[in-house]
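As C-alpha cells, the structure follows; a few thoughts come after it.
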Amino acid sequence: MAGFFITIEGIEGAGKTTIAKRLDAWLQSNGYKTFCTREPGGTEIGETLRELILNAERPLTVQAELLLIEAARAQIMDEVILPRLEEGITVILDRHCDSTTAYQGYGRGVNINLISQCNSFACQGRTPDLTILLDVDVKTGLMRAMKVRERAGFQDRFETEDIDFMELVRKGFLEIARREPSRVTVVSSQEDIDVVWETVIADISNCLIPKS
Ligand code: Z5A
C-alpha cells in the first residue's frame with residue numbers, strides 16, 4: 001500500500017517545525033510508521049545545498065537559488081521520500097513545493113508555470129496527499145522567528161528579506177490553498193501553539209490516513 005504524504009507549509013514563525021514534530025509523535029503513538037524530515041535538506045547532499053541556499057553572505061542569483069532548491073528536492077525525493085512511501089510509511093515533510101511557488105514564484109517573481117514544471121521534475125510527478133498550511137500574519141511570524149534568531153545569533157538569506165517580501169509570500173501560500181482546496185487545509189496559527197495543534201488534529205482526524 002502506498003504511504004501517505006503530508007507536507008507542512010507557511011511563512012517563517014508559523015510553527016511548521018513544532019507542528020511537524022507533534023504530528024510525527026501523535027501518528028506514531030496511534031500506530032503509524034512515520035518518517036519526518038525537512039526541505040531544503042534531509043540528505044547529505046541536500047544539507048550541503050541548504051548551507052549554500054541559506055547563507056546570506058554568499059550572493060545567489062534568483063535562477064541559481066531556484067535550481068539549488070530543486071536539486072536538493074530531487075535528491076530527497078529519490079533517496080528518502082519515494083522509497084519510504086513505497087514501503088507504506090507516512091511521510092511528514094516540513095516545507096515542500098508550495099514553498100518554492102510562494103517564495104521563488106510569488107516572492108521573487110519567477111514564472112509560476114516554470115516552477116510547477118521544476119517541482120514536478122524534481123518530485124518525479126509525486127504530489128502530497130495532504131498539505132497543512134499554517135497561516136499567521138507576517139508581523140507575528142517575524143516576531144516569533146526573531147526570538148529564535150536572537151538565540152541562534154545569525155540571520156539566513158530569507159531572514160534578511162523585508163516585510164513586503166513576506167507579505168507576497170503569505171499571499172502566495174493563500175492563493176495556492178484557494179486553487180487546491182482538496183489538498184491544502186489552512187489552519188490559523190495566530191493562536192497559542194496548543195490551540196493550533198488541536199485544530200490540526202481535528203482536521204487530520206477527518207482524513208483517512210492509511211496505516212501501513
Ligand atoms: N525556502 C524557499 O525559499 N523555497 C523553498 O522551496 C523551500 C525553502 C523549501 C528555510 O526554511 C528557508 O528556506 C525559508 C524559506 C526558504 N526561510 N524563510 N523564511 P526553514 O523551514 O528552515 O525556516 P523557517 O520557516 O524560517 O523556520 P522557522 O522560523 O523556525 O519557522 P517554523 O518552522 O514555522 O516555526 P517553529 O520552528 O515551529 O517555531 C518558531 C518559534 O515560534 C518557536 O520558538 C516556537 O515555539 C514559536 N511558535 C510557533 N508557533 C507558535 C504559536 N502558535 N504561538 C506561539 N509561539 C509559537
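The values are calculated or read from the model by the stated rules, or taken from the named source; none is laboratory data. Please read these numbers as outputs of a predicted model, since none were measured by experiment. When the accessible area is computed, the model is the full protein with side chains, heavy atoms only, and any ligands, DNA or RNA have been set aside. Shrake-Rupley method; radii C 1.70, N 1.55, O 1.52, S 1.80 Å.
So here's what we get for this one:
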{"read-out": "Rounded accessible area per residue of region 5-204, 1.4 Å, Å²", "value": "49 Å²"}
{"read-out": "Three-way shape call for region 100-168 based on the alpha-carbon gyration tensor, with the a/c threshold at 1.5", "value": "prolate"}
{"read-out": "Percent carbon-and-sulfur accessible area, the chain, ignoring ligands, DNA and RNA, probe 1.4 Å", "value": "53 percent"}
{"read-out": "Calculated on alpha-carbon atoms, Rg and Dmax of region 63-212 in Å", "value": "16.3, 44"}
{"read-out": "Radius ratio Rg over Rh of region 21-89, counting only Cα atoms, Kirkwood formula for Rh", "value": "1.10"}
{"read-out": "Beta bridge orientation in the chain: antiparallel %, DSSP, nearest 5", "value": "0 percent"}
{"read-out": "Calculated SAXS-style log₁₀ I(q)/I(0) at q = 0.16, 0.24, 0.27, 0.35 Å⁻¹ - region 34-73, Debye, Cα scatterers", "value": "-0.37, -0.74, -0.88, -1.19"}
{"read-out": "Non-local Lys pairs in the chain, i.e. 8 or more apart or on different chains, that have alpha carbons under 25 Å apart", "value": "13"}
{"read-out": "Alpha-carbon centroids, region 119-196 and region 50-95: separation in whole Å", "value": "16 Å"}
